[in-house]
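Enquirer: Next up is a structure, given as structure tokens.
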Ligand code: BGC
């Protein structure tokens, strides 16, 4: 019995991720039968904690948890440790101190984090812009004027992508940067659209690049850019992260500059493999990392569904 709780179902990326968890469990042909229950945390930590308590009470063999609040990791780890139930954290990385909590104790090796290093995705976003012929500096003033659309800070991906996109851009381009605006869009398309629409009114042609912490918000940004009569690749640039199918299509059509593949297939399979290992009694590593991949007009065809 496998209990899965996703921070909220209404999230583009985590929807692909959870569907692949279910598919991959079904495809396993290892002699075990997996009874997989996937629940919606509804963006509410109390609700999710309740789901976890129920899984434990009902004797589930392993949990796969996409925390609502990464700061709740220690509580969840303690509950699972007390019950002796292995726990696989996905997508929202707990603090290192929490991952180290059971070092040297029995429960170490029974919980793990499966994810991708968000610093890498941020760096790749910076490179996608720095590698453009004009380095994104459309007005040639030696400074990149940009807008940053930030994800929900409960996921450390938001922090790292915001920081590392800009630091890597500076390093690779040798140009200066000027932040015109930075707003929280909580990974959400509608919020991304609203933020970028407002920024376009406020800063107009000054904006050279819109960085979005994920593609959901970048899809919203693309709508706002369109509505404002601006043209990606000509008078503005736009980058995201995840490589959602719609974003790849926009890149192919020249309506988005680039994205970074957040490999939900690799991550979900790694998480399921870890869960299977744990139920078989094997010791888990503390972390399992899956690489990001840069997606630009040059290679987007390789990533589009055939
Ligand atoms: C993804 C976002 C997603 C978030 C959920 C991030 O890694 O890039 O699209 O909304 O995880 O926590």
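Since every read-out is calculated from the coordinates, none of them should be taken as a lab result. All figures in this text were calculated on a predicted structure; none of them were measured in a lab. Note: ideal-geometry Cβ built from the backbone for every residue, glycine included; neighbour counts use all protein chains shown.
Enquirer: Ranking request for peptides 20-30, 159-169: highest mean number of other beta-carbon atoms within 10 Å first, then the rest in descending order.
Expert: Per-residue Cβ counts within 10 Å, averaged per peptide and sorted highest first, yield 159-169, 20-30.
Enquirer: Helix 264-279 versus the longest principal axis of the chain: what angle, 0 to 90°, nearest 10, using Cα atoms?
Expert: 10
Enquirer: Here's another thing I want to ask about it. Express the Stokes-Einstein translational diffusion coefficient of the chain in µm² s⁻¹, to the nearest whole number, given a Kirkwood radius over alpha-carbon pairs, 10 °C and a viscosity of 1.306 mPa s.
Expert: On the way: Rh = 20.0 Å.
The calculation lands on 79 µm²/s.
Enquirer: Using only Cα atoms, figure out Rg for the stretch 54-128 and give it as a multiple of 2.2 N^0.38 Å.
Expert: On the way: Rg = 14.3 Å, N = 75, 2.2 N^0.38 = 11.3 Å.
This ratio for the stretch 54-128 stands at 1.26.
Enquirer: Still on this structure, I have one more. Using alpha carbon coordinates only, what is the Rg to Rh ratio of the stretch 1-51, with Rh defined as the Kirkwood radius?
Expert: Result for the stretch 1-51 is an Rg/Rh of 1.03.
Enquirer: Over the stretch 86-179, what is the relative contact order in percent, taking alpha-carbon pairs closer than 8 angstrom and at least six residues apart?
Expert: 34
Enquirer: Defining a contact as two alpha carbons under 8 Å apart and six or more residues distant in sequence, what relative contact order in percent does the chain show?
Expert: Result for the chain is 19 percent.
Enquirer: I'd like the orientation of helix 73-83 relative to the chain: the angle between its Cα long axis and the longest Cα principal axis, in ° from 0 to 90, rounded to 10.
Expert: 20
Enquirer: Would you mind putting 103-110, 66-73, 49-56 in packing order, based on average other-beta-carbon counts within 10 Å, highest first?
Expert: Ranked by mean Cβ neighbours within 10 Å, highest first: 66-73, 49-56, 103-110.
Enquirer: What's the FRET efficiency of residue 273 with residue 141 using the Cβ-Cβ distance as r and R₀ = 35 Å, to the nearest 0.05?
Expert: The pair residue 273/residue 141 has a calculated efficiency of 0.10.
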